[in-house]
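Okay, so here's the structure we're looking at.
The values are calculated or read from the model by the stated rules, or taken from the named source; none is laboratory data. The shown structure was predicted, so the numbers you read here are calculated from the model rather than taken from an experiment. Here the Cβ positions follow ideal geometry from the backbone for every residue, glycine too, while neighbour counts run over all protein chains shown.
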Amino acid sequence: MAGGMKMYGKHRFPGRLFIVEGIDGSGKSTQLMLLKKWLESEGYVVYFSEWNSSPLVHEVTKRGKKKKMLTPMTFSLIHATDFADRTEHHIIPPLKASAVVLADRYVYTAFARDVVRGVSPKWVRELYAFAVKPTVAFYFRTPLDIAMKRILGGRDAIKYYEAGMDLDLSDDVEESFRCFQDRIVGEYEKMVDEFGLVVIDATRSIEEQQSEVRRIVSQALEGTKKTRIRRWLDIASLAKGSRESI
Amino acid sequence: MAGYSFFGEGLPGIDLEELKGKLIVLEGTDGVGRSTHIGLLKQWLENHGHAVLDTGMTRSALAGKRLKQAKEGHTLGGITMSLFYATDFADRLENEIIPALRAGFIVLTDRYIYSLIARAIVRGADPEWLREVYGFALKPDAVFYLRIKIDDLVTRVLQSSGFDYWESGMDMHMGEDMYESFVRYQKWLLAEFDKMVETFGFEIVDASGSVEEVFENLRERVDRVIGRNGY
């Protein structure tokens with residue numbers, strides 16, 4: 001319907017949005033998972049916004065990647081489409097419903113990745129003007145060597161676009177990945193001041209990082225409503241347990 | 001020489017100097033006769049020895065098929081849909097239009113960013129935002145805007161395929177029935193097109209006449225754009 005673009009920049013939704021950013025191997029997903037456990041145990045309604053966009057957009061993205069059909073511009077646009085779908089379906093509604101929304105990666109991933117691919121920094125920022133501004137955006141700062149060790153140890157082969165192979169940085173996947181990630185880090189660093197990202201030193205212990213994250217989040221949660229939904233969740237998990245035992 | 005440029009922040013990795021062909025756009029609302037005239041112009045240009053690429057919306061290799069399905073299912077939100085169209089357009093621009101221009105083709109395109117912008121505005125998107133997003137598009141050599149009054153449009157649509165769900169803006173719940181909705185929706189679209197005439201330098205072509213009359217008019221204008229002489 002007409003009547004003003006939904007620009008969610010400075011939203012007034014009753015919920016809160018916390019997001020984590022950082023390169024692969026920075027440990028951000030682990031930290032977010034721990035934050036989620038804690039928030040749930042505190043009785044908040046937590047909504048984890050995953051990248052499960054509509055099957056249609058998802059299929060185009062998957063096919064484009066598989067067939068290596070994507071240019072920097074279409075790569076950027078199809079991911080923005082995906083993100084818009086996520087915003088409209090998985091971020092705005094829970095925020096309206098006073099939930100605490102958590103997201104693993106956000107617009108900053110796109111800003112870093114697309115700019116490294118040669119897209120104009122100004123343009124990509126305009127492109128995402130519809131995005132909700134997070135309550136707090138954490139950036140897990142990690143030296144590249146540490147991150148590389150973490151991922152090259154325990155994961156499947158690095159994919160073509162993930163390694164930035166489309167940029168012709170190197171014929172060797174691992175070498176290309178390293179160069180690509182190095183440039184991504186450069187972009188993240190530029191964004192710390194620009195967007196007020198909260199930097200977490202990801203070389204510290206998991207526990208130390210988590211307690212800092214929880215301290216910052218709890219300050220930002222003042223006034224957010226807790227619910228008794230926990231009881232319901234307990235029942236749900238009990239039910240699940242009993243089904244499994246049958 | 002053409003001397004191509006982008007509307008705003010352009011596509012990465014494109015050398016504009018290499019583009020030699022002509023980019024000609026036919027714009028106008030649904031049922032105004034754009035595709036008929038693209039067909040006629042193509043034939044006429046080819047008869048005179050020009051290589052022609054004709055292309056239209058939602059036909060990209062990357063997203064075309066899925067975009068059609070998305071439209072039919074209408075489960076996607078307004079911003080998502082606008083960006084899905086932009087993705088589709090970018091794919092066609094980079095993989096069809098620009099290579100054809102590089103090879104010296106005359107590219108006839110059935111709609112361009114203007115229709116995409118008009119439709120998105122009517123569905124609530126911010127005009128400024130849309131203009132920024134489409135900053136990567138190439139400025140065409142000419143935009144022929146096939147303009148028609150709403151009454152003539154209704155008659156024409158009834159004589160051909162009848163009211164279509166999307167062309168009637170039925171997703172926007174604008175009227176009691178298809179007719180009412182069609183009229184309101186198309187009036188709104190026409191108003192958005194009219195606003196763009198000056199901003200984007202459209203050449204207005206009166207589309208209310210017969211096919212022959214409109215084609216004659218278009219042919220003269222295309223002639224001027226491609227600087228055809230000596231035939």
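Among the residues of region B:192-203, those that are assigned to a helix (DSSP H, G or I) and crowded, with 18+ Cβ neighbours inside 10 Å comprise B:E192, B:F193, B:M196, B:F200.
Matching residues to (1) among the basic types (K, R); (2) assigned to a helix (DSSP H, G or I); (3) free of Cβ contacts under 8 Å to residues at least 12 places away in the same chain; (4) surrounded by fewer than 23 Cβ atoms within 10 Å (Cβ to Cβ):
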site	(1), (2), (3), (4)
A:K65	yes, yes, no, yes
A:M73	no, yes, no, no
A:G118	no, no, no, yes
A:W123	no, yes, yes, yes
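Do we find that A:L32 is at pLDDT 95 or above, within 13 Å of the chain's Cα centre (by Cα) and not in a helix (DSSP H, G or I) in this structure? Before you say what the answer is, go through the steps one by one.
On the way: at pLDDT 95 or above: yes; within 13 Å of the chain's Cα centre (by Cα): yes; not in a helix (DSSP H, G or I): no.
So A:L32 fails the test.
Specify which of the listed residues (A:L102, A:L56) is hydrophobic (A, V, I, L, M, F, W, C), away from chain B (no Cβ under 14 Å) and surrounded by fewer than 24 Cβ atoms within 10 Å (Cβ to Cβ).
Residue meeting the stated conditions: A:L102.
When A:A220 is tested against (1) surrounded by 10 or more Cβ atoms within 10 Å (Cβ to Cβ); (2) closer than 25 Å to A:S76 by Cα; (3) at pLDDT 90 or above, only condition (2) is not met.
Kindly provide the set of residues from region B:171-186 that are without any contact (Cβ under 8 Å) to a residue 12 or more places away in the chain and out of contact with any Phe, Trp or Tyr (no Cβ under 8 Å at 6 or more places or on another chain), ordered by number. Residues satisfying the conditions are B:H173, B:E176, B:D177, B:E180. Kindly check whether there is at least one residue in region B:121-144 that is aromatic (F, W, Y), in contact (Cβ under 8 Å) with a residue 12 or more places away in the chain, crowded, with 22+ Cβ neighbours inside 10 Å and farther than 20 Å from B:L16 by Cα. Checked against the condition, which is being aromatic (F, W, Y), in contact (Cβ under 8 Å) with a residue 12 or more places away in the chain, crowded, with 22+ Cβ neighbours inside 10 Å and farther than 20 Å from B:L16 by Cα, region B:121-144 yields at least one hit.
Selection of region A:167-189 for residues being in a helix (DSSP H, G or I), modelled with pLDDT under 90 and of a type in the set (D, E) yields A:E174, A:E175. Only one of the numbered conditions (1) under 30 Å from A:I146 (Cα atoms); (2) in contact with a Pro (Cβ under 9 Å, 6 or more places away or on another chain); (3) part of a helix (DSSP H, G or I); (4) more than 10 Å from chain B (Cβ to nearest Cβ) is not met by A:L95, and that is (1).
Of the residues that sit in region A:29-53 and are of a type in the set (D, E) and closer than 21 Å to A:A220 by Cα, which one is farthest from the other protein chains (Cβ to nearest Cβ)? I'd like the intermediate steps shown before the answer.
Narrowing region A:29-53 to residues of a type in the set (D, E): A:40, A:42, A:50.
After this cut, where a residue has to be closer than 21 Å to A:A220 by Cα as well, the list is A:40, A:42.
On the way: A:E40: 28, A:E42: 32 Å.
Only one residue fits best here, namely A:E42.
Checked against (1) closer than 27 Å to B:F89 by Cα; (2) touching a Ser or Thr at 6+ places or on another chain (Cβ under 9 Å); (3) at pLDDT 85 or above, B:E192 passes all but condition (2).
Of the residues B:D151, B:D177, B:D171, B:D206, only one is of a type in the set (D, E), surrounded by fewer than 17 Cβ atoms within 10 Å (Cβ to Cβ) and under 18 Å from the mean Cα position of the chain (by Cα); which?
Working: B:D151 fails: under 18 Å from the mean Cα position of the chain (by Cα); B:D177 fails: under 18 Å from the mean Cα position of the chain (by Cα); B:D171 fails: under 18 Å from the mean Cα position of the chain (by Cα).
Among B:D151, B:D177, B:D171, B:D206, only B:D206 is of a type in the set (D, E), surrounded by fewer than 17 Cβ atoms within 10 Å (Cβ to Cβ) and under 18 Å from the mean Cα position of the chain (by Cα).
Evaluation of B:V143 against the conditions (1) part of a helix (DSSP H, G or I); (2) modelled with pLDDT of 90 or more; (3) away from every other protein chain (no Cβ under 12 Å) shows that the sole unmet condition is (1). The residue list A:R150, A:R117, A:R113 contains one member that is among the basic types (K, R), more than 9 Å from chain B (Cβ to nearest Cβ) and under 30 Å from B:N95 (Cα atoms), which is A:R113.
Would you confirm whether any residue within region A:101-113 is more than 17 Å from the chain's Cα centre (by Cα) and either at pLDDT 95 or above or within 20 Å of A:S49 (Cα to Cα) (or both)? No; the residues of region A:101-113 include none that is more than 17 Å from the chain's Cα centre (by Cα) and either at pLDDT 95 or above or within 20 Å of A:S49 (Cα to Cα) (or both). Among the residues of region A:146-166, just one is assigned to a helix (DSSP H, G or I), more than 29 Å from A:E212 (Cα to Cα) and without any contact (Cβ under 8 Å) to a residue 24 or more places away in the chain, namely A:M165. Within region B:48-93, the residues that satisfy the criterion of being modelled with pLDDT of 80 or more and charged (D, E, K, R) are B:D54, B:D88, B:D91, B:R92.
Selection of region B:67-90 for residues being among the acidic types (D, E) and within 15 Å of the chain's Cα centre (by Cα) yields only B:D88. Please pick out the residue among B:R221, B:R131 that is farther than 30 Å from B:G49 by Cβ and of a type outside the set (S, T, N, Q). Sole residue among the options that is farther than 30 Å from B:G49 by Cβ and of a type outside the set (S, T, N, Q): B:R131.
The single condition among (1) modelled with pLDDT of 95 or more; (2) surrounded by fewer than 19 Cβ atoms within 10 Å (Cβ to Cβ); (3) of a type outside the set (S, T, N, Q) that B:F105 does not meet is (2).
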